[in-house]
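Trainee: The structure follows.
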């Protein structure tokens, strides 16, 4: 059965007149009549009764009209969904995430994308940096978020924002009494650092900053993530260095203090993606990231 037959039948059934239906379809009456006859022959069912005034639907014709309209509606919906998918307005986007970016920038980016693309299903996967790279190469995710730039063929890095670093300290610690602290104070304190995933990572960033200031930090604990790190600090187990986004974590006994003597105490939040990914949904998401980046750069 040709879908064109359905279109012709619906027009005749709605007009109940071959002449008016042919005008509506911009085809000749004889051609329309032949098409309806072919449809009835294929179905081996009489759909229309010819009358002096036009045509009437048989009982079978009334049933077929309902089904034909349903099929037409499904076709229209399918075509519209296909168009919206090709425009990046519908579909699924898989994203790899890790670390403290989920506390600030990433939710804002996701919210902006959701507001403009409500029919796209976003699926988040918690992955280490190495797992994100593997998933990208295997096309299991379209984009990942991480810290510390990567240099890998066919993988693009895009810096989203540089975050200031803060001292996380217990409220009973002497440093908590200062409104801001010197980075050199770290030379005198046991430090809790994170994460323990494959290096280089945020631990190496903090070590580099300390060495640039002329000292090697005393690392008392290496823990898996920022949440464990600040929990230990809140419990009085040393101090820690955290990105600004982590300062949204409020625990009893925990306070944050900025550094006043270094402009290099920052860490990046970047995204990684396949250089050859031209899918409409990914490109739409990337456009939202770039808008967010411009907003952050303008502040």
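Throughout, read-outs are computed from the coordinates displayed, never taken from laboratory work. Predicted, not measured: the structure shown is a model, and the values here were computed from it. Every residue, glycine as well, gets a Cβ built from its backbone with ideal geometry; the counts of neighbours run over all protein chains shown.
Trainee: Can you report the principal axis dimensions of the chain using only the alpha carbons, biggest first, rounded to whole angstrom?
Mentor: Between the extreme Cα coordinates on each principal axis of the chain lie 103, 41, 34 Å.
Trainee: Per DSSP helix of 4 or more residues, -39500 (n - 2.57); summed, then divided by the residues of the chain. What does that give at 222 nm, rounded to the nearest 500?
Mentor: -13000 deg cm²/dmol
Trainee: How would you order 49-55, 34-40 from highest to lowest mean count of nearby Cβ atoms within 10 Å?
Mentor: 34-40, 49-55
Trainee: Tilt of helix 280-297 relative to the longest C-alpha principal axis of the chain, in degrees (0 to 90, nearest 10)?
Mentor: The answer is roughly 40 degrees.
Trainee: Which of the three applies to the range 162-266, rounded, prolate or oblate, going by the alpha-carbon gyration tensor with a ≥ b ≥ c and a/c under 1.5 meaning rounded?
Mentor: It comes out rounded by the Cα gyration axes.
Trainee: So in the range 53-161, what percent of DSSP beta bridges are antiparallel if you round to the nearest 5?
Mentor: Percent antiparallel among DSSP bridges in the range 53-161 is about 10.
Trainee: With only alpha-carbon atoms counted, please give the Rg and Dmax of the range 47-201, in Å.
Mentor: 28.8, 104
Trainee: Now, a different point. Compute the acute angle (0 to 90°) between the alpha-carbon long axis of helix 29-43 and the principal axis of greatest extent of the alpha-carbon atoms of the chain; round to the nearest 10°.
Mentor: For helix 29-43, the angle is close to 80 degrees.
Trainee: Sticking with this one: Along each principal axis of its Cα atoms, how long is the range 37-108 end to end? Whole angstroms, biggest number first, please.
Mentor: Principal extents (Cα only, largest first): 77, 23, 20 Å.
Trainee: If you don't mind, another one. Can you give me the distance in nm between label points at residue 111 and residue 150, each placed 7 Å from the Cα along the Cα-to-Cβ direction?
Mentor: Between residue 111 and residue 150, the simple spin-label model gives 2.8 nm.
Trainee: Just want to confirm a number: the relative contact order over the range 3-86, from Cα pairs under 8 angstrom separated by 6+ residues, in percent.
Mentor: Result for the range 3-86 is 28 percent.
Trainee: Which whole-angstrom value gives the distance between the alpha carbon centres of the range 195-216 and the range 83-139?
Mentor: 29
Trainee: Could I ask something else about it? Specify the inter-centroid distance of the range 257-290 and the range 4-43, based on alpha-carbon positions, in whole Å.
Mentor: 58
Trainee: Right, another one. GNM on the chain, C-alpha springs below 10 Å: top fluctuator among 107, 195, 252?
Mentor: 252
Trainee: At a threshold of 8 angstrom on Cα-Cα distance, excluding pairs fewer than six apart, so keeping six or more, what relative contact order does the chain reach in percent?
Mentor: Once normalised by length, the contact order is 22 percent.
Trainee: Return a whole-number percent for the relative contact order of the range 8-156, with Cα pairs under 8 Å and 6 or more residues apart as the contact set.
Mentor: Relative contact order comes out at 18 percent.
Trainee: With both bridge residues required to lie in the chain, what share of the DSSP beta bridges run antiparallel, to the nearest 5%?
Mentor: So the antiparallel bridges amount to about 60 percent of the total.
Trainee: In addition: Tell me, what is a quarter of the convex hull surface for the C-alpha atoms of the range 3-86, in nm² with one decimal?
Mentor: For the range 3-86, the mean projected area of the Cα convex hull comes to 5.9 nm².
Trainee: Also, quick follow-up: Round to the nearest 10 and give me the degree value, 0 to 90, for the angle of helix 3-15's Cα axis relative to the longest principal axis of the chain.
Mentor: Computed tilt is about 60 degrees.
Trainee: Quote the convex hull volume per residue of the range 224-299, based on C-alpha atoms, as a whole number of Å³.
Mentor: In the range 224-299, the Cα hull volume divided by residue count equals 152 Å³.
Trainee: Does the range 76-163 classify as rounded, prolate or oblate by the C-alpha gyration tensor (a ≥ b ≥ c root eigenvalues; a/c under 1.5 gives rounded; else a/b over b/c gives prolate, otherwise oblate)?
Mentor: It is prolate, given that a/c is not under 1.5 and a/b is the larger ratio.
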